[in-house]
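Chemist: Dropping a structure here in structure tokens format, bear with me for questions.
We did not get these values from a lab; they are worked out from the coordinates using the rules stated. This structure is a prediction, so every number in the text was calculated from the model and none was measured. All Cβ positions, glycine included, derive from the backbone under ideal geometry; neighbour counts span all protein chains shown.
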Amino acid sequence: MFIQPVLKKNAHVQEKNRMDQIGDMICNFNPFLITLFTEVQYWEKLHNDKFEVPHFVLRICQQRSALRVVREKVMEVVRAYNELMRDITIDERRLFVDHLRQLDRVIYHGLTKLLWISKPKVIERFVQVS
């Protein structure tokens with residue numbers, strides 16, 4: 001559930017050649033968790049004695065606000081990266097190729113090594129560096 005990278009490259013992106021590649025990045029947060037958080041919220045509002053929310057679900061939901069904050073910060077990086085890649089022209093890419101490679105190295109860490117089970121401070125440091 002949490003053992004997935006923070007970021008993911010969008011699979012439907014086509015690349016003509018390496019310089020023309022426009023890589024849309026997406027936040028790789030599990031959509032099942034968002035649904036789970038919403039469902040538990042409604043069950044808590046009902047507060048029905050006939051139905052108990054399982055304890056392991058309640059433990060996950062205790063992290064709801066922290067995960068929401070971290071997810072929003074990751075989404076800021078995703079939006080900024082995607083805007084940059086969409087707005088930059090081919091000539092500008094050639095001019096800033098070294099800077100873009102450095103940015104891709106930082107983003108690569110979020111694509112491979114940084115997982116949602118990582119501590120929130122580690123993810124926040126990644127967001128600040130990006």
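Chemist: Are any residues in the stretch 72-97 among the aliphatic types (A, V, I, L, M) and part of a helix (DSSP H, G or I), and if so, which ones?
Modeler: At the first step, the residues of the stretch 72-97 found to be among the aliphatic types (A, V, I, L, M) are 74-75, 77-78, 80, 84-85, 88, 90, 95, 97.
Residues satisfying the conditions are V74, M75, V77, V78, A80, L84, M85, I90, L95, V97.
Chemist: Any chance the stretch 113-122 includes a residue that's loosely packed, with under 12 Cβ neighbours inside 10 Å, without any contact (Cβ under 8 Å) to a residue 12 or more places away in the chain and of a type outside the set (G, A, S)?
Modeler: yes
Chemist: Would you confirm whether any residue within the stretch 51-59 is touching a strand residue (DSSP E or B) at 6+ places or on another chain (Cβ under 8 Å) and either farther than 21 Å from K121 by Cβ or free of Cβ contacts under 8 Å to residues at least 40 places away in the same chain (or both)?
Modeler: The initial filter retains those residues of the stretch 51-59 that are touching a strand residue (DSSP E or B) at 6+ places or on another chain (Cβ under 8 Å), namely none.
The answer is no, given that none of the residues of the stretch 51-59 is touching a strand residue (DSSP E or B) at 6+ places or on another chain (Cβ under 8 Å) and either farther than 21 Å from K121 by Cβ or free of Cβ contacts under 8 Å to residues at least 40 places away in the same chain (or both).
Chemist: Determine whether Q41 is over 21 Å from I3 (Cβ atoms), part of a helix (DSSP H, G or I), under 22 Å from the mean Cα position of the chain (by Cα) and of a type outside the set (F, W, Y). Quick ask: steps written out before the conclusion?
Modeler: Values: over 21 Å from I3 (Cβ atoms): yes; part of a helix (DSSP H, G or I): yes; under 22 Å from the mean Cα position of the chain (by Cα): no; of a type outside the set (F, W, Y): yes.
No: the conditions fail for Q41.
Chemist: Return the only residue of S118, S65 being among the small types (G, A, S) and either in contact with a Ser or Thr (Cβ under 7 Å, 6 or more places away or on another chain) or over 15 Å from L7 (Cα atoms) (or both). Talk me through it step by step, then tell me what you get.
Modeler: Numbers: S118 fails: either in contact with a Ser or Thr (Cβ under 7 Å, 6 or more places away or on another chain) or over 15 Å from L7 (Cα atoms) (or both).
Answer to the selection: S65.
Chemist: If you scan the stretch 76-105, which residues turn out to be among the aliphatic types (A, V, I, L, M) and within 23 Å of A66 (Cβ to Cβ)? Spell out how you get there, then give the answer.
Modeler: First, the residues of the stretch 76-105 that are among the aliphatic types (A, V, I, L, M): 77-78, 80, 84-85, 88, 90, 95, 97, 100, 103.
Within the stretch 76-105, V77, V78, A80 meet the criteria.
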